[in-house]
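> My questions will all concern the structure given below.
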Amino acid sequence: MAKPDIILIGGQAYRWQEICDLRRQQLEVRKAVRGEQPTLFELKEDWRPAAERTGAGRYQEPTLFAFLPERRD
């Protein structure tokens, strides 16, 4: 089945291409008005090993006690 060229909205016929063009224009205007959003805080470099940067990596290779000094009784 071919895509329809015309769509009915509220009893009025609109060309689908015109609706797509209008939506693109809306998005361009919104992007231009909004501009670039500043960060709320300073971005810092992630110094952790690659395996610890994701939840899955931390689960697969836990290092909770790896950095604690050995306890001697």
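Just so it is clear, none of the values below were taken in a lab; they were calculated from the coordinates. Here the structure is a predicted model, which is why all the values come from computation and not from measurement. Using ideal geometry, Cβ is built from the backbone for each residue, glycine included, and neighbour counts are taken over all protein chains shown.
> Calculate the all-directions average of the projected area of the chain's alpha-carbon convex hull, and give it in nm².
If I average the Cα hull's projected area over directions, I get 12.8 nm².
> Ignoring trypsin sites (Lys or Arg not before Pro) that are buried or in helix or strand per DSSP, and keeping those with at most 12 other beta carbon atoms within 10 Å, what is the longest stretch of the chain between them?
Longest stretch, sites excluded: 1-43.
> Something else: Under a crude label model (7 Å from the Cα following the beta-carbon direction), how far is ASP46 from THR63 in nanometres?
1.3 nm
> Please compute the length gained on full extension between GLN12 and GLU36, using 0.36 nm multiplied by the number of residues separating them and subtracting their Cα-Cα distance.
So the chain would gain 4.9 nm between GLN12 and GLU36.
> Okay, moving on. Could you tally the net charge around ILE19, taking each other residue with its Cβ under 13 Å from the Cβ of ILE19, Lys/Arg +1 and Asp/Glu -1?
+1
> Between GLN25 and ALA2, take the C-beta separation as r, use R0 = 35 Å, and let me know the FRET efficiency to the nearest 0.05.
According to the calculation, E is roughly 0.85.
> Sticking with this structure for a sec: Counting Lys +1, Arg +1, Asp -1, Glu -1, what net charge surrounds ILE9 among other residues with beta carbon under 12 Å of its beta carbon?
Result for the local shell: 0.
> So what's the angle, to the nearest 10 degrees on a 0 to 90 scale, between helix 16-34 and the longest Cα principal axis of the chain?
50 degrees
> What does the charge add up to near ALA50, with Lys and Arg as +1, Asp and Glu as -1, over the other residues with Cβ less than 15 Å from its Cβ?
Around ALA50, the charge tally is -1.
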